[in-house]
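**Q** One structure follows; several queries about it will come next.
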Amino acid sequence: MKRKGSLKMDVSGISAASTAISANELKQSVDIAVLKKATDAQTEQVNALLQGMTAAQHPYLGQSIDLKI
């Protein structure tokens, strides 16, 4: 016997939504970890580039301008 206005819960829908949320959370965590690794690698590359530039500097360069008229 069915009652009018009774509410039937769809358990499989709730389960599917929960699985989708968990999958999205995992994907977001992985994306953040990959982004952090890429940022760290880029930081290391920039630091190496800056160290190379400071090592190549000469104190007498850029102190005067040669003009020919």
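Read the figures in this text as sums done on the coordinates, not as results from a lab. Everything numeric in this text was worked out from a predicted model, so none of it was measured. Every residue, glycine as well, gets a Cβ built from its backbone with ideal geometry; the counts of neighbours run over all protein chains shown.
**Q** Just to be sure I understand the model, the point goes 7 Å from the Cα along the line to the Cβ. What's the resulting residue 58 to residue 24 distance in nm?
**A** 6.0
**Q** Of all the Cα-Cα pairs you can form in the stretch 14-54, what percent are over 14 Å apart?
**A** Working: 528 of 820 pairs.
Here the tail beyond 14 Å accounts for 64 percent of pairs.
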